[in-house]
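Quick notes on the structure that follows.
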Amino acid sequence: MAHDGVPRGTAPRTGPCRRARRRRRAALLAAGALLPLPALAGCSSDDGPAAAPPAPMDVARTARADVADRGTLRWAVDELPGTLNAFQADADAATERVAGAVLPALFTLDQRGRPRRNPDYLRGAETVEREPKQIVVYKLNPKAVWSDGRALGAADFAAQWKALSGKDHGYWTARNAGYDRIEKVEAGVKPHEVKVTFARPYADWAGLFTPLYPRTVMGSPDAFNDDARKDLKVAAGPFAVAGRDSGAGTLTLARNPKWWGDRAKLDKLVLRAVPRERRAASLTADTVDLAAVDAATAAHINAAHRPVGQGRKGAAGSPADGTGGR
């Protein structure tokens, strides 16, 4: 899935469909509705272990050309992320959502959970040698640049490897699987190539360097531990961090003017801290547009927003009474 910057169920341009979207809000789920799922292990749950199972995904596919331009999507999260560094121990689902919108995802997961090369960032990536050591060469998209104008390159890969290798305990990192097997990272033979040599084979190499942080975040323990906790000054995705309002409980992402891929449909994406027990009221009051809710809550909100004459399931004239609504 490429970066579209819109949920697949966002309403087309027509007015009635836009109103229908409002009635379907409770059925929209956070996971995968807006951003590509990165090939990244260790993601935490937004709702915690005690949460009820979410409602089934009910997001219809919509052709990009049929989605209206501009607008703001308000997305409910349990709380604002404590860090924007996805490799720190207190990173959560909100951290992953921000990373998915503003940072490179070299590989994304398809509907079957298989990693697929993201052409916005990679022209190619393959294992070119297996003996005596595994060597992987990444061929970066020449258009891929950070929002400060610098091209993505080997320096970013090398900084992330060193930070996550586990060799420097000054980095407060939550995991280093795979990175601890890398022996060296260097520029490839051709421009825009990165060569990664593994001291020991690593089959899941496609799960590394996603998200990819700029070397300014990964380059030193101080930067890694502190600089990306509340803000990411440099982005390389369709959105960039635009501001955080802890008092209002919002984190705003705005369209990245340096983005080289398909232009994001949304102007802004606002993560809003809304506890689970308040999400139904927030959806009904139109203070959020997207929220993960359980099946019972989704059914209750959808029933409350059902148009006059449609009837509840099981009522006279509904499909449940055998008349097919005729």
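The values are calculated or read from the model by the stated rules, or taken from the named source; none is laboratory data. On a predicted model such as this, the values are computed, not experimentally measured, just so you know. Here Cβ is always computed from backbone atoms with ideal geometry, including for glycine, and neighbour counts include all displayed protein chains. For accessibility, only protein heavy atoms count, side chains too; no ligands or nucleic acids. Shrake-Rupley method; radii C 1.70, N 1.55, O 1.52, S 1.80 Å.
Residues of the range 218-236 include at least one that is open to solvent by 40 Å² or more (accessible area, probe 1.4 Å), more than 30 Å from Thr287 (Cα to Cα) and assigned to a loop (DSSP other than H, G, I, E, B).
So is Gly82 on the phi > 0 side of the Ramachandran plot, open to solvent by 10 Å² or more (accessible area, probe 1.4 Å) and under 21 Å from the mean Cα position of the chain (by Cα) or not? Steps first, please.
Values: on the phi > 0 side of the Ramachandran plot: no; open to solvent by 10 Å² or more (accessible area, probe 1.4 Å): yes; under 21 Å from the mean Cα position of the chain (by Cα): yes.
Answer is no for this residue.
Taking strands (runs of 3 or more DSSP E) as the structural unit, those lying wholly within the range 120-211 and holding at least 1 residues that are free of Cβ contacts under 8 Å to residues at least 12 places away in the same chain and open to solvent by 10 Å² or more (accessible area, probe 1.4 Å) correspond to 122-129.
Mind listing whichever residues of the range 237-281 are of a type in the set (S, T, N, Q) and surrounded by 15 or more Cβ atoms within 10 Å (Cβ to Cβ)? Break it down stepwise before answering.
First, pick out the residues of the range 237-281 that are of a type in the set (S, T, N, Q): 246, 250, 252, 256.
Scanning the range 237-281 gives Thr250, Thr252, Asn256.
Does Gly261 satisfy the condition of being without any contact (Cβ under 8 Å) to a residue 24 or more places away in the chain and either in a loop (DSSP other than H, G, I, E, B) or within 25 Å of Asp78 (Cα to Cα) (or both)? In short, no.
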